[in-house]
Amino acid sequence: MSHAFFNAALVDDDFAAVARIYSPIIEKAVAEQIREADPDAGAEQEAGILTSLVRGLIGSVLIGERTPQQAVELVDRQLDRVFGVRSR
């Protein structure tokens, strides 16, 4: 649903206006979680990277470019990087 909404926002000004309101709210929530876990992680930038990564991976999975498992592995790797955990 989120991906469909985002795609609609690319071509519809009304959807884009709503996306500009809600996307930062989601990113802020992710940043708060990162900051809580590691205050020195650069929460705002990392949240931007993670939310953009997930948005891009949704499309990649939907068109069959990646499997859902590959997408999860990429997100896990990024989370490990953010929190200083060695890759799995």
Do we find a residue being more than 26 Å from residue 4 (Cα to Cα), part of a helix (DSSP H, G or I), among the basic types (Lys, Arg) and modelled with pLDDT under 95 anywhere in segment 75-83?
yes
Over segment 57-72, the set of residues within 15 Å of the chain's Cα centre (by Cα), surrounded by 14 or more Cβ atoms within 10 Å (Cβ to Cβ) and of a type outside the set (A, V, I, L, M) is 60
Okay, helices (runs of 4 or more DSSP H) sitting entirely in segment 1-63 with 3 or more residues that are at pLDDT 95 or above, I get 13-37, 43-62
Note on segment 1-49: residues in contact (Cβ under 8 Å) with a residue 12 or more places away in the chain, loosely packed, with under 15 Cβ neighbours inside 10 Å, over 14 Å from the mean Cα position of the chain (by Cα) and closer than 20 Å to residue 78 by Cα are 37, 38
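The values are calculated or read from the model by the stated rules, or taken from the named source; none is laboratory data. Worth saying up front: this structure is predicted, and the values here are computed from it rather than measured. Cβ: placed from backbone, ideal geometry, glycine included. Neighbour counts: every protein chain shown.
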